[in-house]
Amino acid sequence: MADTPHEISLALSPRARVDLIDVSEVIREQNPGFFDLFERSVYFSHHTTAGYFEQSLCNRLKNDREALQAFVGGFQRLFPENADYQHDRMNLRTELSEEQKLVEPHNADSHLTYIGSGLQSCVTYKNQTTSPVYFVDLDGINGNMPRKRKTTILGYNEESEAHRETLDIRMSAHPIDSVNLWDPRVGFLEMLQEKVAELGISKGRIDMRLPISEKNTGLTVNEYETLLMQHDLVEVLQNPIRFMMQKGRNMIRDPRAIKEKAKDYMKYDLVHFVNEFIDSMGLSETLVERIIDKIVAVPARRFLRMKRGISLIISDEHSDGHSRIITGTYQSPILVQWRKAPKDRRKVEVVFTRFD
């Protein structure tokens, strides 16, 4: 066994738009003996349309590529490519320059499938000698060109808790709300980074979890993009099979089950739509909250219970020896609530773990 943790960065080149790449095979080829040296590995994807499934799910599917493809395929049928997504109408994307609009991928379906299928940006696996570890790419080809993908793997044997604290996050007065924790106005990232430096963690992990006392709330990772969150996902909630019907894929046995599943996965993206609606119409928040509760509260609780925590990597590999939190360019941790927080605040437990 190795004495110190070891980090690997891999550049991946997908062979198709939807591709499952066995990262463990690449590691064995480029870093022989890695899995003999380390008992555990943290896998991190730097992207919002490519990531990893948790090891427990992969084990249930017997780490079988075809089974995982079939699992993803169910959500692809729900969100088919080239449907009428607002996100993919480049003339509406005011945040992009004219040059960017020419090369920006039309990938709303990939974002929706990523969210719906439960892919994660950061997972921890117990190393197994022969089992594959799949990097699942949902948007690997842009036009005819493979996209450049990056993943980071951190192998280690021992871990110890370095620090634990509970932080308050200010929420708005809206009963349904979401906060981008990477927003500079929140200051969350800066607090975490300062603590990493104070603790002197070279390599490790940050786990953000909601305490048991926090109800009607959840944590997830997503990309903030106005048209995707305020239009496409709202339409999915209003009619979950809308995009399927556009593509002629309407052969489903139980539309009601899919409707509830879509609500489970997409509820938190109604946040900004509902808040703007309340503000513009001058409606009573209490009335709106009661209506929404009757429609989607129970499915939302089931979904957000699955997303009560996220993890991030700490590394000193690429920062002149200074440790930093690794995060993808477009990734943002999001704290979501669907009922008003007491005193407009939520608590998040943060655990800093050092790898030895």
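Just so it is clear, none of the values below were taken in a lab; they were calculated from the coordinates. The shown structure was predicted, so the numbers you read here are calculated from the model rather than taken from an experiment. Don't worry about glycine lacking a Cβ; one is built from the backbone with ideal geometry, like all the others, and counts go over all protein chains shown.
Is there a pair in LYS150/LYS203; LYS101/LYS195; LYS126/LYS343; LYS203/LYS347 whose C-alpha atoms are over 29 Å apart, and which pairs would that be? Checking Cα-Cα distances, LYS101/LYS195; LYS126/LYS343 exceed 29 Å.
Sorting 337-345, 160-168 by their mean Cβ neighbour count within 10 Å, with the most densely packed peptide first, gives 337-345, 160-168. Backbone geometry of segment 311-318 corresponds, through the Karplus equation with coefficients 6.51, -1.76 and 1.60 at θ = phi - 60°, to 3J(HN,Hα) couplings of 10, 9, 8, 10, 8, 10, 6, 10 Hz, x marking Gly and Pro.
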